[in-house]
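The values are calculated or read from the model by the stated rules, or taken from the named source; none is laboratory data. Nothing here was measured: the structure is a model prediction, and the numbers come from that model. Cβ placement follows ideal geometry from the backbone for every residue including glycine, while neighbour counts extend to all protein chains displayed. Side chains are part of the model used for accessible areas, which takes the heavy atoms of the whole protein and leaves out ligands, DNA and RNA. Shrake-Rupley method; radii C 1.70, N 1.55, O 1.52, S 1.80 Å.
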Amino acid sequence: NLNNYENNGSISSSIFLNDTNIGSDGDVLAAFIEGSQRGLAFATQIPIELEQSPYAGTYQFLMLIYSNTVSDEVITFKFYDNETDTVYDVIETIEFTSDMILGNAIEPILLTIQ
């Protein structure tokens, strides 16, 4: 329930596997703090018309993440690949900061799965 949280921040990210940008319709990225889900984003295709972005035509995950603290919580991520019906742990973690804005369509935060 989003109304249970006082603070939020946003992250725009791309998922990489073996140095390859992956993502397709139906893929999902979820954010967790201490095992509690705090954010969810479905794959969004970046318009090809966004020519200034090397990520034009690829998929990104545009997410709001929620917390009751202003900072000092570690965000972990899980990626669901719809095509293979597989859930992956994301290697990177991010520290939550209220009102953070990390990444955008031109320069997303790069997250890696194994």
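Here is a check on your reading of the model: is Glu34 among the charged types (D, E, K, R) and on the phi < 0 side of the Ramachandran plot?
No: the conditions fail for Glu34.
This table checks each residue for (1) in contact with a Cys (Cβ under 8 Å, 6 or more places away or on another chain); (2) over 18 Å from Leu102 (Cβ atoms); (3) among the small types (Gly, Ala, Ser).
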site: Asn18; (1), (2), (3): no, yes, no
site: Asp27; (1), (2), (3): no, yes, no
site: Pro47; (1), (2), (3): no, yes, no
site: Gly57; (1), (2), (3): no, yes, yes
site: Ser67; (1), (2), (3): no, no, yes
site: Tyr80; (1), (2), (3): no, yes, no
site: Thr84; (1), (2), (3): no, yes, no
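Which pairs turn up if I take residues in the stretch 92-114 that are free of Cβ contacts under 8 Å to residues at least 40 places away in the same chain and look for partners that are outside any loop (DSSP other than H, G, I, E, B) and open to solvent by less than 40 Å² (accessible area, probe 1.4 Å) with beta carbon separation below 8 Å, at least 6 apart in sequence or on another chain?
Short answer, once both residue conditions are applied: Glu92/Phe77; Glu92/Leu111; Thr93/Ile75; Thr93/Phe77; Glu95/Glu73; Glu95/Ile75.
If you take the residues in the stretch 70-87 that are open to solvent by less than 50 Å² (accessible area, probe 1.4 Å) and touching a residue at least 40 places away in the same chain (Cβ under 8 Å), which one is farthest from Ser13 (Cα to Cα)?
Restricting to residues being open to solvent by less than 50 Å² (accessible area, probe 1.4 Å) and touching a residue at least 40 places away in the same chain (Cβ under 8 Å), the top hit is Glu73.
Just need a number here: residues in the stretch 1-57 that are within 21 Å of Asn82 (Cα to Cα), open to solvent by 100 Å² or more (accessible area, probe 1.4 Å) and in contact (Cβ under 8 Å) with a residue 24 or more places away in the chain.
1
Quickly run through the stretch 28-43 and pick out the residues that are more than 11 Å from the chain's Cα centre (by Cα) and of a type outside the set (A, V, I, L, M, F, W, C).
Glu34, Gly35, Ser36, Gln37, Arg38, listed by residue number.
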